[in-house]
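Quick notes on the structure that follows.
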Amino acid sequence: MFLKKSYEEEILQFEDHDNLDTYRTGKGRKEQPFLRKQLFKNKKVGTCGICGNRYPVDLLVAAHIKKRSKCSREERLDYKNIVIPMCKFGCDDLFEKGYIIVVDGKVLRNFKKSYTPHLLEKIVQIESRQCQHWNDNTRIYFEWHQQQ
Ligand SMILES: [Zn+2]
């Protein structure tokens with residue numbers, strides 16, 4: 001059973017650690033197992049929140065919509081809304097680096113960025129998709145992300 005209380009205790013334990021950077025190793029962060037459990041439960045297959053493709057869950061990451069290091073403690077604990085599944089076939093990096101943004105629920109290219117032709121081919125494949133994770137609870141995080 002995955003209890004909220006134990007999650008909070010675990011997260012706060014990471015927070016209170018003297019050197020958070022020890023844990024700031026990309027996808028290997030200590031809280032990933034908890035976030036993954038929340039997102040994927042015990043499923044073997046999951047759906048990328050950006051491209052909508054289904055993949056084995058070990059090819060998906062629990063990605064923060066709002067950059068984790070910019071989140072308040074309260075936001076980090078908002079685990080039901082702060083992370084969504086993203087695939088390792090581009091969506092995670094494209095979103096994290098701002099090549100794609102989600103505006104009013106729609107996946108769009110970011111005109112502040114420059115694209116190579118090949119990258120644009122990739123973007124076109126996912127552009128205009130509806131993000132199933134965009135809702136009243138997550139929109140503030142997507143809005144933060146699109147303003148970066
Ligand atoms: Zn994807």
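Looking across region 2-58 at every residue that is modelled with pLDDT of 60 or more, among the polar types (S, T, N, Q) and under 17 Å from residue 92 (Cα atoms), the one that is nearest to the ligand (Cβ to nearest atom) is identified as 53. Contact map, region 66-77: residues that are within 13 Å of residue 144 (Cα to Cα) paired with residues that are hydroxyl-bearing (Ser, Thr, Tyr), Cβ distance under 7 Å, separation 6+ or inter-chain. Pairs shown: 66/141.
Yes/no matrix, rows are residues, columns are (1) on the phi > 0 side of the Ramachandran plot; (2) touching a Cys at 6+ places or on another chain (Cβ under 8 Å); (3) charged (D, E, K, R):
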site: 37; (1), (2), (3): no, no, yes
site: 53; (1), (2), (3): no, yes, no
site: 56; (1), (2), (3): no, no, no
site: 107; (1), (2), (3): no, yes, no
site: 129; (1), (2), (3): no, yes, yes
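Among the residues that make up region 82-95, is at least one of them out of contact with any Lys or Arg (no Cβ under 7 Å at 6 or more places or on another chain), at pLDDT below 95 and either farther than 21 Å from residue 121 by Cβ or not β-branched (Val, Ile, Thr) (or both)? For region 82-95, residues out of contact with any Lys or Arg (no Cβ under 7 Å at 6 or more places or on another chain), at pLDDT below 95 and either farther than 21 Å from residue 121 by Cβ or not β-branched (Val, Ile, Thr) (or both): absent. Would you check which residues across region 31-52 are surrounded by 15 or more Cβ atoms within 10 Å (Cβ to Cβ) and not hydrophobic (A, V, I, L, M, F, W, C) and list them? Residues satisfying the conditions are 31, 32, 36, 38, 46, 47, 49, 52.
The values are calculated or read from the model by the stated rules, or taken from the named source; none is laboratory data. Only a predicted model underlies this, so the values are computations on that prediction, with no experimental measurement involved. Because the Cβ atoms are built from the backbone with ideal geometry, glycine has one as well, and the counts that use them run over all protein chains shown.
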